[in-house]
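First the structure, in the form of structure tokens, and then the observations on it.
The values are calculated or read from the model by the stated rules, or taken from the named source; none is laboratory data. Fair warning: this is a prediction, and the values are worked out from it, not measured in the lab. Heads up, the Cβs are rebuilt from the backbone with ideal geometry, glycines too, and the neighbour counts pull from every protein chain shown.
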Amino acid sequence: MFFWYYIYVEPANIGHLDMKTMIADYMERGFLDNIIDVFKHDRSLYVYLGDLMTDERIRVRLGISVLVETLKIEDSENIKKAIPHILPLLRNENPVSRGDAAYLLGIIGHIDAVPFLRGMVGDEDANVRMIAEEALRDIESNPKTF
């Protein structure tokens, strides 16, 4: 009950950092279904996806991947709102963050990500290059994206 109260009754009192922290903490605790529901009801939360992918907790980062995979199916009209918030990760100094960003863009599968993913094909890290190439193939092979 506290979770729903915090999200739906108190949003005006929650700052950016607090909301991001709360989402990450609930993700860490395994409340992924609740997070999915909240994202489907409040599309403004897409702004947090990029920041959440840099969380030090593996469970949070994996949860974000599952969240994006689920929202791609259950909220396909709005998932593209996450793209501008994921793109900065493509310039992150950490190759894991760059690879995660390319992976998420591939899951989202929107044509707007193609030029950015093409830029990642020349990344210095072999794993990032491979993930970017796979994401490009997935997007370009789907006729619904063009």
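Set side by side, the residues ILE107, ILE86, ILE64 differ, and just one is among the hydrophobic types (A, V, I, L, M, F, W, C), in contact with an Asp or Glu (Cβ under 6 Å, 6 or more places away or on another chain), under 29 Å from ASN34 (Cβ atoms) and in a helix (DSSP H, G or I), which is ILE107. Within segment 48-60, the set of residues being over 9 Å from the mean Cα position of the chain (by Cα) and either assigned to a helix (DSSP H, G or I) or closer than 15 Å to ILE108 by Cβ (or both) comprises ILE58, ARG59, VAL60.
The residues on offer are HIS41, HIS85, and the sole one that is closer than 21 Å to GLY119 by Cα and either modelled with pLDDT under 95 or not hydrophobic (A, V, I, L, M, F, W, C) (or both) is HIS85. Among residues of segment 116-137 that are farther than 16 Å from ILE86 by Cβ, those with a beta-carbon under 6 Å from a residue that is surrounded by 18 or more Cβ atoms within 10 Å (Cβ to Cβ) and among the small types (Gly, Ala, Ser) at least six positions away or on a different chain give the pairs VAL121/ALA132; ASN127/GLY99.
The residue list GLY30, GLY50 contains one member that is among the small types (Gly, Ala, Ser) and either within 26 Å of VAL128 (Cβ to Cβ) or in contact with a strand residue (DSSP E or B) (Cβ under 8 Å, 6 or more places away or on another chain) (or both), which is GLY50.
Looking at segment 81-90, is at least one residue surrounded by fewer than 18 Cβ atoms within 10 Å (Cβ to Cβ) and out of contact with any Phe, Trp or Tyr (no Cβ under 7 Å at 6 or more places or on another chain)? Yes - at least one qualifying residue is present in segment 81-90. Scanning segment 44-65 for residues that are free of Cβ contacts under 8 Å to residues at least 40 places away in the same chain and either surrounded by 15 or more Cβ atoms within 10 Å (Cβ to Cβ) or in contact with a His (Cβ under 6 Å, 6 or more places away or on another chain) (or both) yields LEU45, TYR46, VAL47, TYR48, ASP51, LEU52, ASP55, VAL60, ARG61, GLY63. Of the residues making up segment 108-136, those that are within 21 Å of LEU71 (Cα to Cα) and either touching a Ser or Thr at 6+ places or on another chain (Cβ under 6 Å) or surrounded by fewer than 21 Cβ atoms within 10 Å (Cβ to Cβ) (or both) are GLY109, HIS110, ILE111, ASP112, VAL114, GLU134, LEU136.
When each of ILE36, ILE79 is tested for being over 18 Å from GLY109 (Cα atoms) and in contact (Cβ under 8 Å) with a residue 12 or more places away in the chain, the lone residue that passes is ILE36.
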